[in-house]
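Each remark here refers to the structure printed beneath this line.
The values are calculated or read from the model by the stated rules, or taken from the named source; none is laboratory data. Everything numeric in this text was worked out from a predicted model, so none of it was measured. Here the Cβ is made from the backbone with ideal geometry for all residues, glycine too, and neighbour counts use every protein chain on show. Quick note on the areas: whole protein, heavy atoms, side chains included, nothing else; ligands and nucleic acids left out. Shrake-Rupley method; radii C 1.70, N 1.55, O 1.52, S 1.80 Å.
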Amino acid sequence: MCGHGLSADVTTLTAMTTDREEGSADGVQWLLQPRGTARTGGPKHFKRSVREGIDLSQPRYADVLGEDAALLREVFGDGVARFWGAIEPRKERDAKAIAVWNCRVGDEVLFYGEKKFIARATILAKFRNPDLARVVWGARDDGAVWEHMIALGDLTEFEADALPLLAAIPGPNDKLWSMQLVSASDRARLLDKVDLPSAPGRVGLPAPRRQKAAAPTMAEKALLHAIAKIRTHTGSGGPSPHKPLALLWSIGRVAAKEKRLAPWSVFEREVGKLLADFGGTSHVTPHYPFTRLRGSGVWEVQGIHADAQDPSPAALLEADAKAGFTDDADQLLRTSRRARAKAVGLLRAKYFADGDQRLLFERVGLDGYLTASGRTEDNADARATKVIGAAGPVPRQATSGTRPVRDPGNVRDVKRWHGDLCQVCGEPLEVLLGRYSEAAHIQGIGSPHDGPDTTANMLCLCPNHHRQFDGLGIYVDAQWEVRRTKDDSSVSQLRRDHRHRIDAGYVEYHRMLCGKNG
């Protein structure tokens, strides 16, 4: 793995978590990383991209940051970044491959060279960017680049004998030259094998301990970035949505206030049914996403060793394995309605654009995210019951339930400001008593959106565009252009009035429901 530089203020991405639900380990893994030799450029790369850092504001990086630019700006607030990177693993199940895919945000990296540990740091983000890696470190003689990159924080340089720890770790004899991952439980057992300095700001602790946080520590952008970057299995019928299905199912558990980690028996039964019904032509079994999602940076598996790449269903059951979102991702999804809506919208648009979305989302308990209002059966046809007999008045039936209380004054104001003209098409709809329009909430005031009943969260629309807006068929972009969700083509510029101050945050929330995360 080869490297890059960072700001001191990195708390937005440091994976601080609550106490572990199982076991005594604090959840932090060790990524043991050889620095490399002078022949391979290791000391030079370490000095430049880890010790000194890379100034991302330099023009040569502008064209290679790509979609990672926003994430890196957030991680490295002062524009100076520390990176390290790895070549694509040659084998799917060797120690290096396990380390690349299964290291996580919040894990600790121990750099070593010449039989000594030389530095420790914390992983703040994971991403893959071969273009950036090529600019930072160049390429090997065979053309390979260190494209699997990690952003580093809490860097501390020190010297300590590496041999006692390396000798205590099971594995091949060439561990001095091999990148590898040490599980949280093994790390807790081996802490006395190496004399580590305290991390900056954590006096007296030998490694970065995950403390209970009062607020989410994972940034929204980091969560969405991880979801967008998950590696999907590709079979004869094309990409398989097994990992996205597992994530969608897990968000449904979050929304239902279920426990963070699901036992393998529950996962196998419920995700297995989803794979059978919505997994396409792939025959991937549920134990594949259960373990392979560890490489996403937002997924955790307890009960199996970190180097167990594809344990069998029987082994998972015997180990009483559990899996789900990491503490920090789970906390963000539970406490931030906005982050949850964005994650659902991203998964829907990126991985489930085709197929029966309504049935899928009903199955996982997220059907409320298919409309801006949160209502999925919002029309007379859907609510109708069979009527026997054709003559006489239509029979009536009693109903019960609750509905949000709306302020009629807000509705009157919005309609009056726009003269009952639709803000999308501007066309008047004439009825006997004048013009007709509808006041539409941008972020629905019902569950699961729970937006406010204010004029800042409302639009004046005709019935057609109200239905399209609520059904996520159209959205409003950051420049107030109304666009079709399916192909982003322009419908019109949103008509606005200076008396009607619309909050852009509610517009963005609706946009994210449509899967437009930019």
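A few points about this structure:
- Segment 468-518, relative contact order [Cα under 8 Å, separation at least 6], %: 33 percent
- Candidates per trypsin sites (Lys or Arg not before Pro) in segment 436-510, loop by DSSP, up to 15 other Cβ within 10 Å: 486, 496, 499, 501
- Peptides 104-114, 33-43 ranked from most to least packed by the mean count of surrounding Cβ atoms within 10 Å: 104-114, 33-43.
- The Cβ shell under 15 Å around residue 52 holds other residues with a net charge of +3, Lys and Arg each +1, Asp and Glu each -1.
- Accessible surface computed residue by residue for segment 26-175, with neighbouring protein chains in place and a 1.4 Å probe, gives 42 Å² per residue.
- Three-way shape label, segment 238-302, alpha-carbon gyration tensor, a/c 1.5: prolate
- Across segment 445-475, the residues whose backbone nitrogen lies under 19 Å from the label position 7 Å along the beta-carbon direction of residue 487 are 468-469, 472-475.
- Evaluating 6.51 cos²θ - 1.76 cosθ + 1.60 at θ = phi - 60° for every residue in segment 435-444, the Karplus couplings come out as 9, 10, 8, 10, 8, 9, 6, 6, 9, x Hz, glycine and proline recorded as x.
- In this structure, the residue pairs whose Cα-Cα separation is over 30 Å, taken from 96/229; 47/516; 257/350; 322/342; 322/486; 44/243, are 47/516; 322/486; 44/243.
- All lysines inside 17 Å of residue 193 as judged from Cα atoms, apart from same-chain residues fewer than 8 positions distant: 115, 116, 175
- What the Cβ-Cβ distance of residue 312 and residue 73 gives, at R0 = 35 Å and to the nearest 0.05, is a FRET efficiency of 0.25.
- Here's how it looks for residue 446: its modeled amide H is under 5 Å from those of 451, which are all 5 or more places away or on a different chain.
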